[in-house]
1. Please list, ordered by first then second residue, the pairs with beta carbon atoms under 7 Å, 6 or more apart or interchain, first in the range 144-170 and free of Cβ contacts under 8 Å to residues at least 12 places away in the same chain, second not aliphatic (A, V, I, L, M).
2. Quick one: ALA120 ticks every box in (1) in contact with a Leu (Cβ under 7 Å, 6 or more places away or on another chain); (2) assigned by TED's automatic domain parsing to the domain that holds ALA330 except a single one, so which number is it?
3. What residue, of THR272, THR255, is surrounded by fewer than 15 Cβ atoms within 10 Å (Cβ to Cβ), hydroxyl-bearing (Ser, Thr, Tyr) and assigned by TED's automatic domain parsing to the domain that holds ASP157?
4. Quick one: which residue in LEU36, LEU53 is among the aliphatic types (A, V, I, L, M) and part of a loop (DSSP other than H, G, I, E, B)?
5. Which of the residues belonging to the range 68-86 are hydroxyl-bearing (Ser, Thr, Tyr) and buried (at least 16 other Cβ atoms within 10 Å of the Cβ)?
6. Return the only residue of VAL89, VAL33, VAL65 being among the hydrophobic types (A, V, I, L, M, F, W, C), surrounded by 15 or more Cβ atoms within 10 Å (Cβ to Cβ) and over 25 Å from the mean Cα position of the chain (by Cα).
7. Could you check the range 117-173 and list, in sequence order, the residues that are of a type in the set (D, E, K, R) and in contact with a Cys (Cβ under 9 Å, 6 or more places away or on another chain)?
8. Quick one: count up the residues across the range 274-285 that are at pLDDT below 95 and out of contact with any strand residue (DSSP E or B) (no Cβ under 7 Å at 6 or more places or on another chain).
Amino acid sequence: MTYKAVLCGCGAMAKGWLKALTTVPALVESVTVVGLVDLDRATAAALAAEFGLSDAVVGTDLEEVLATTRPDILFDIVIPAARRSVVAVGLAHGCHVLSEKPMAASLDEARDLRRLADQAGRLHAVVQNRRYIAGVRRIRRMIEEGTLGRLTGLHCDFFLGPHFGGFREAMDNVLLLDMAIHTFDAARFMSGKDPLAVYCHEHNPPGSWYRHGAAANAIFEFSDDVVFTYRGSWCAEGGPTSWESAWRITGTSGTLLWDGADRFEANVIAGTDGFFRPTTPVTVPLPESEADTHGHQSVIESFIAAIRAGSRPETDGRDNIKSLAMVFGAIDSARDRRRVTIAA
């Protein structure tokens, strides 16, 4: 079966989605983009022309385009402030909805979208594309296999200096709300643990070109006595980490280091004597499935597969709201300068 889809929000992010939808054979066979919607009609028309979607309906009114095209799927790529209304409209028209992150602009809105999806009997999932990369999958597998012993901690550094311009530089809590969700979701996925509480300090360093919250430090309490620490800045130039952060994973039997790109180093205890116990290197296993390592493509493929199977995708809203709760827990903690319990 080929599903009809409408894409709402035709800015720069939409190109990554359409590249996958129009060039990956399995997706080309599974999805036909029948409509594009944007507040600026010219932007939507230009995107349709760029990707050869000459038969797609182009418009500025989502309700109208959905009524005209009657799609099975809505791809939601709008800014966070518009997320709730766009997803609600899609669900009301009987669409399964795959959204850009974050899931919603608040936890109350996220809970409301879960309710609307359940009422409609449709899926609402979120593009957490960074959990669909080889490094994250490899670490998840190593933790599951117990090579490091019992997991005790995940620690990451995220330091970059991107000059986006546009809405990000005017946002509140820009690092936590727009970027840290990826890292928080990866930590939750790799560990297999649930977030319980957080203490966070957020600030906007001198020289920042963002209006608010370009840097943050957070300590999360996970289930089973696992700790996750995050140090991040979006206005740190001169010594960048990767976009995936630089990680240290600790267990009762050893440690795994990952630079967020291709370099892994893992060592486990090899003896019981000495002030510092001897260690030996171990190999980080490959992902269980290569198909789960292609970012946006893998997320969309997983979403389509879940629709076909009548199951829930990995980043379904019921799961993703836990990552969003980490973000808003950190924001609340930073604002109130206190430890905050996380409740999705």
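1. none
2. (2)
3. THR272
4. LEU53
5. Once the filter is applied, which keeps residues that are hydroxyl-bearing (Ser, Thr, Tyr) and buried (at least 16 other Cβ atoms within 10 Å of the Cβ), the range 68-86 yields only THR69.
6. Going through VAL89, VAL33, VAL65 in turn, the sole match is VAL65.
7. Answer for the range 117-173, where residues must be of a type in the set (D, E, K, R) and in contact with a Cys (Cβ under 9 Å, 6 or more places away or on another chain): just ARG122.
8. The number of residues fulfilling the criteria is 4.
The values are calculated or read from the model by the stated rules, or taken from the named source; none is laboratory data. Remember, it's a predicted structure, so these values are computed and weren't measured experimentally. Cβ sites come from the backbone with ideal geometry, for glycine too, and all protein chains shown count toward neighbours.
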